[in-house]
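Peer 1: One structure follows; several queries about it will come next.
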Amino acid sequence: MSGMRQVENPPNPWQSAHVEWLGPAPELALEVYEEDARTFVASNDSPDIPFRWSLNPYRGCFHGCAYCYARPTHQYLGFGAGTDFERRIVVKRNAPELLRRHLRKPSWRGENLVFSGVTDCYQPIEASYGLTRRCLEVCAEFRQPVGIITKGALVERDVDVLGELAQHGAATVYVSVPFADEGDARRIEPYAGSPARRFAALARLADAGVPTGVSVSPLIPGLNDHQVPEILARAADAGARYAFHIWLRVPAEVEPVFHERLRSAFPERADKVMSLLAQTRGGAARGGDNATFHRRMRGVGPRYQLIQDLFEQRARSLGLQIRPEAPTAER
């Protein structure tokens, strides 16, 4: 918590002209903490993630997705991985300045930068702070290649700067849509934009010449695997060029959050989902022997292979190119 200060009256994202959140008011109040970060561009050395550099303007995520693998990162701040992760948001208010400084380094080689490797760069508070947009404007000055992955329909606000980057082959945007069914999405991803809004954002970006893709992630056996054909078809109709998926994994602190939400939202399916997940994760929902590098982003067994084949066949029939499990720019 060192270097952070709580904002007594944080900017209200719901009063912005760019609000994307619709639905019932959240049960817990939003707490915003501002920090002057020491560093911003993070380096990744995981063999499972095909990009090296990423940046995250925010810590924590208002979307509240039950399965979010990033929840444990909030514990490094002295917060919890449950509701704290969803309602105690940290804002890196000096992010654009740090990014500009990084891009000016003689040692920087212009490698792809991914927004966001951990939490969503287009969660609702971005409507007030605008850090993602300001960072993109810095990238446009340098023609810095970027890849974006988001559930936030707010991404369409920045179609102008993304279109400018795309003219130089320096931008690709992936929108994550794990559910085609609006009700299912709301139960598991309560404050993310609706699937319909996300497809609309995909279409607007594609119409502006921005290369786009769909991430059907996470795939959850017995819960959303049957929705894969519809998601891919709607993404293709929206102009997406690419598609990928990641199999659900639930690290230690994530499993109870996911299980509780699953049992509350789908009581008749919860046991089946957890059983199928364990079968495709080496005997344990958390991962078992399948939680190591090179294996943790994928499943095992006949159920996993069936869904994998379905995804690939459907994507190819729609003309979607299957890409690795991360967004990258065109060049």
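The values are calculated or read from the model by the stated rules, or taken from the named source; none is laboratory data. Here the structure is a predicted model, which is why all the values come from computation and not from measurement. A quick note on method: Cβ atoms are made from the backbone with ideal geometry, for glycine too, and the neighbour counts reach across all protein chains shown.
Peer 1: Do we have any residue at all in the range 181-188 that's over 19 Å from the mean Cα position of the chain (by Cα), within 30 Å of MET274 (Cβ to Cβ) and modelled with pLDDT of 95 or more?
Peer 2: Yes - at least one qualifying residue is present in the range 181-188.
Peer 1: Got a sec? Which helices (runs of 4 or more DSSP H) wholly within the range 95-212 have at least 3 residues that are in contact with a Gly (Cβ under 7 Å, 6 or more places away or on another chain)?
Peer 2: Once the helices (runs of 4 or more DSSP H) in the range 95-212 are filtered for at least 3 residues that are in contact with a Gly (Cβ under 7 Å, 6 or more places away or on another chain), what remains is 195-207.
Peer 1: Answer yes if at least one residue in the range 307-320 is hydrophobic (A, V, I, L, M, F, W, C), at pLDDT below 90 and not in a strand (DSSP E or B), and no otherwise.
Peer 2: no
Peer 1: So HIS226 passes all but one of these: (1) touching a Lys or Arg at 6+ places or on another chain (Cβ under 7 Å); (2) assigned to a helix (DSSP H, G or I); (3) surrounded by fewer than 23 Cβ atoms within 10 Å (Cβ to Cβ). Which condition number does it fail?
Peer 2: Only one criterion in (1) touching a Lys or Arg at 6+ places or on another chain (Cβ under 7 Å); (2) assigned to a helix (DSSP H, G or I); (3) surrounded by fewer than 23 Cβ atoms within 10 Å (Cβ to Cβ) is unmet by HIS226, namely (1).
Peer 1: When you look at PHE115, is it under 20 Å from VAL216 (Cβ atoms) and not polar (S, T, N, Q), yes or no?
Peer 2: Here the answer is yes, as PHE115 does meet what is asked.
Peer 1: While we're here: For the range 199-216: of the residues being small (Gly, Ala, Ser) and crowded, with 22+ Cβ neighbours inside 10 Å, which is farthest from the chain's Cα centre (by Cα)?
Peer 2: For the range 199-216, the residue satisfying everything is ALA201.
Peer 1: Inside the range 33-54, can you point out the residues that are part of a strand (DSSP E or B), within 26 Å of GLU189 (Cα to Cα) and modelled with pLDDT under 95?
Peer 2: SER54
Peer 1: Now for a different question. Please verify whether ALA192 is of a type in the set (A, V, I, L, M) and in contact with a His (Cβ under 6 Å, 6 or more places away or on another chain), treating the condition exactly as stated.
Peer 2: yes
Yes or no, residue by residue, for (1) in contact with a Leu (Cβ under 9 Å, 6 or more places away or on another chain); (2) β-branched (Val, Ile, Thr):
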position	(1), (2)
CYS65	no, no
THR73	no, yes
PHE85	no, no
VAL90	yes, yes
THR119	no, yes
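Peer 1: Which pairs do you get when a residue that is within 15 Å of ASN56 (Cα to Cα), found in the range 124-146, comes within reach of a residue that is hydroxyl-bearing (Ser, Thr, Tyr) and part of a helix (DSSP H, G or I), reach meaning Cβ atoms under 6 angstrom, with the pair 6+ apart or on two chains?
Peer 2: GLU126/THR132
Peer 1: Mind checking which residues of the range 19-28 are farther than 14 Å from PRO124 by Cα and either modelled with pLDDT of 80 or more or surrounded by 10 or more Cβ atoms within 10 Å (Cβ to Cβ) (or both)?
Peer 2: LEU28
Peer 1: Can you report the number of residues in the range 75-87 which are of a type outside the set (A, V, I, L, M, F, W, C) and either surrounded by 22 or more Cβ atoms within 10 Å (Cβ to Cβ) or in a loop (DSSP other than H, G, I, E, B) (or both)?
Peer 2: 4
Peer 1: Checking HIS245 against (1) touching a strand residue (DSSP E or B) at 6+ places or on another chain (Cβ under 7 Å); (2) within 30 Å of ALA170 (Cβ to Cβ); (3) at pLDDT 95 or above, which single condition isn't satisfied?
Peer 2: For HIS245, the exception is condition (3).
Peer 1: Return only the number of the condition from (1) farther than 27 Å from ILE246 by Cα; (2) surrounded by 21 or more Cβ atoms within 10 Å (Cβ to Cβ); (3) among the aromatic types (Phe, Trp, Tyr) that TRP108 does not satisfy.
Peer 2: Single failed check for TRP108: (2).
Peer 1: Filter the range 267-284 down to residues that are in a loop (DSSP other than H, G, I, E, B) and crowded, with 17+ Cβ neighbours inside 10 Å and give me whichever is nearest to the chain's Cα centre (by Cα).
Peer 2: ARG281
Peer 1: Scan the range 178-193 residue by residue and report those that are surrounded by 19 or more Cβ atoms within 10 Å (Cβ to Cβ) and touching a residue at least 60 places away in the same chain (Cβ under 8 Å).
Peer 2: ILE188, GLU189, PRO190, TYR191, ALA192, GLY193, listed by residue number.
Peer 1: On to the next question. Looking at (1) under 30 Å from VAL257 (Cα atoms); (2) under 16 Å from the mean Cα position of the chain (by Cα), which one does VAL146 not meet, given that it meets all the others?
Peer 2: (1)
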